1. Can you pull out the residues in region 445-469 that are small (Gly, Ala, Ser) and either outside any loop (DSSP other than H, G, I, E, B) or at pLDDT 95 or above (or both)?
2. Do the conditions hold for residue 353, that is, is it in a strand (DSSP E or B) and either more than 24 Å from the chain's Cα centre (by Cα) or under 21 Å from residue 18 (Cβ atoms) (or both)?
3. Given the residues 330, 346, 359, which is the only one that is in a strand (DSSP E or B) and β-branched (Val, Ile, Thr)?
4. With among the small types (Gly, Ala, Ser) and either modelled with pLDDT of 80 or more or more than 27 Å from residue 242 (Cβ to Cβ) (or both) as the only criterion, which of 67, 80, 74 stands out?
5. Can you pull out the strands (runs of 3 or more DSSP E) entirely within region 189-246 that have at least 1 residues that are of a type in the set (S, T, N, Q) and under 29 Å from residue 174 (Cβ atoms)?
6. State the number of residues belonging to region 484-518 that are acidic (Asp, Glu) and either under 12 Å from residue 462 (Cα atoms) or in contact with a helix residue (DSSP H, G or I) (Cβ under 6 Å, 6 or more places away or on another chain) (or both).
7. Filter region 369-394 for residues that are touching a residue at least 24 places away in the same chain (Cβ under 8 Å), small (Gly, Ala, Ser) and within 29 Å of residue 415 (Cβ to Cβ) and give the result.
8. Please specify each residue of region 320-359 satisfying the condition of being of a type in the set (Phe, Trp, Tyr) and at pLDDT 90 or above.
Amino acid sequence: MSELVVDAPIVAVVVYPDRARVTRRGRITVPAGDQTVYVEPLPLALQEDSVRVSGRGPATVVGVDVATRHHSQAPDETVADLERRRREAEAEVAELVDADDVQAQLDTFLAQLGRRAGGSFARTLAAGEAGAQLGEFTESLAARLSAVRSKRRELAGQREEAEERLAAADRRLAEVAQQRVPDRRSAAVALALESEADVELELSYVVPGAGWTSSYDVRLTGEELTLNWYGLITQHTGEDWPECDLTLSTARPMVTAKVPELDPWYLDRYHPPVPVSAPPAPGARRMSRDAMPTAFAAESVQAAGPAFADLTATVEQGVTAATYTPPRPVAVPADGASHRATIASVGLDAELDYITAPVRSTDVHLRATVVNSSAHTLPAGKAAVFHEADFVGSAALPLWAPGEEVELALGLDDRIRVERKLVRRTASKATLGSTRRREVEYETRIENHTPRTARVTVLDQLPVARDHEIAVKPISTEPEPAEVTDLGVVTWKLDLPADDEVRIKLGFRVDTAKSVDLTGWRE
């Protein structure tokens with residue numbers, strides 16, 4: 001009696017950050033009685049305790065067992081085709097090597113023939129004979145040598161192409177290394193039926209070697225900010241995922257959920273350390289190192305997380321995680337490469353301004369203060385920043401909850417020009433009982449060459465004294481700054497009209513005692 005093997009292709013995949021849950025579905029006609037239906041081939045790395053079976057039809061699932069099936073060659077059609085093409089390319093390379101070897105031997109033979117015939121014809125010519133025969137022989141020999149070497153060049157080109165095909169097949173097979181293993185897992189589903197019937201089986205299981213991360217495109221058009229959110233999916237599970245219902249989940253199914261508890265906070269009298277005794281003699285009895293981890297191993301087992309099925313149910317309820325279904329199906333082969341799926345495109349209101357710190361650099365950065373007005377909690381990820389169609393740089397987007405405000409760096413804008421220069425400097429030497437004094441004043445000019453009013457934040461700084469005999473005092477700030485912090489950061493917030501400029505002045509004085517050698521001063 002032949003085995004009942006159901007053709008159950010992959011119909012759905014839920015991708016977690018570090019694994020995936022795969023669902024297969026298929027129909028089969030099952031005779032009456034107790035029967036076993038096999039679902040295969042399944043990847044070797046699947047987690048056996050994650051296998052779940054459901055279905056439709058007049059049948060009862062009695063049990064499910066997972067076993068390893070041994071095959072003579074990889075059952076995957078893609079891998080089998082790659083291995084066939086690799087064997088063909090390898091055979092072609094071998095044939096070309098042999099053909100070139102034959103031509104090389106013929107080349108050597110013709111060269112030796114020419115050298116031997118040269119001596120005979122030399123003696124014949126010395127006797128005044130066979131002049132016409134010599135010309136015919138040399139022409140024939142030259143033609144044969146040219147043909148041989150032309151053939152060798154042709155064979156070398158064909159061999160190079162065959163070796164490139166062989167290398168390409170090797171690279172592709174290396175990407176799907178797990179699929180090359182001929183053995184596969186098989187799920188044996190035990191069913192009980194009162195009569196022959198068509199049943200639909202659905203099998204799901206969890207596999208490691210898969211995951212997804214977030215990537216973003218931030219595009220600024222005028223003052224409107226558009227954020228495109230993508231999921232980058234990678235997998236090397238040993239089986240290719242066709243276009244199917246693909247869901248991306250932020251859940252981590254195997255992470256142990258534990259409510260934090262505080263241990264007692266003890267205070268005690270200081271006890272000097274006990275002197276370390278001399279090491280025991282070689283024959284002395286010592287505690288076995290192998291016996292020590294036993295208690296820890298038991299504790300680790302007791303601290304294991306809850307069963308995967310419970311966590312899966314929680315994820316599906318959306319209590320501790322969010323799931324996202326891309327709008328279009330995405331096929332993800334098991335090649336380890338990133339495959340991008342669009343998750344969402346969100347239009348956000350952005351408040352744009354510029355920020356510059358000319359004390360460090362005259363670059364002016366465009367900044368957007370944005371509130372996440374979408375319903376999505378955006379995971380942290382790398383964002384590519386565009387102004388219109390121009391790529392201006394990359395930024396790191398933090399974890400961003402709905403309603404949360406973040407600042408996004410949107411690159412440099414050369415239309416806001418900044419120049420900072422030292423306009424005044426005085427220094428006095430200390431006399432008996434006096435102090436040394438330094439006074440400086442800086443002027444910063446900001447020009448707006450954009451077509452609209454620009455809000456510009458300018459950062460400068462005052463030195464901060466770390467000694468009681470060093471005193472720092474501002475003597476001129478024009479215009480009045482919006483904020484001066486205890487660490488000396490001076491902030492101006494300006495609304496600069498188009499094609500206009502503003503000048504900012506910052507002057508300060510540093511007094512030091514006569515006995516103080518000042519460090520950290522810069523101009």
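The values are calculated or read from the model by the stated rules, or taken from the named source; none is laboratory data. Since this is a predicted model, take the numbers as computed values, not measurements. When we count neighbours, we look across all protein chains shown, and the Cβ atoms used for this are built from the backbone with ideal geometry, even at glycine.
1. Matches in region 445-469: 454 only.
2. Numbers: in a strand (DSSP E or B): yes; either more than 24 Å from the chain's Cα centre (by Cα) or under 21 Å from residue 18 (Cβ atoms) (or both): yes.
In short, yes.
3. 346
4. One residue alone meets the criteria, 67.
5. Values: elements: 197-207, 210-221, 224-235.
Strands (runs of 3 or more DSSP E) meeting the threshold: 210-221, 224-235.
6. Filtering region 484-518 for residues acidic (Asp, Glu) gives 486, 495, 499-501, 511, 517.
From what is left, the residues that are either under 12 Å from residue 462 (Cα atoms) or in contact with a helix residue (DSSP H, G or I) (Cβ under 6 Å, 6 or more places away or on another chain) (or both) are 486.
The number of residues fulfilling the criteria is 1.
7. Of everything in region 369-394, those that are touching a residue at least 24 places away in the same chain (Cβ under 8 Å), small (Gly, Ala, Ser) and within 29 Å of residue 415 (Cβ to Cβ) turn out to be 373, 383, 384.
8. The one that is of a type in the set (Phe, Trp, Tyr) and at pLDDT 90 or above: 354.
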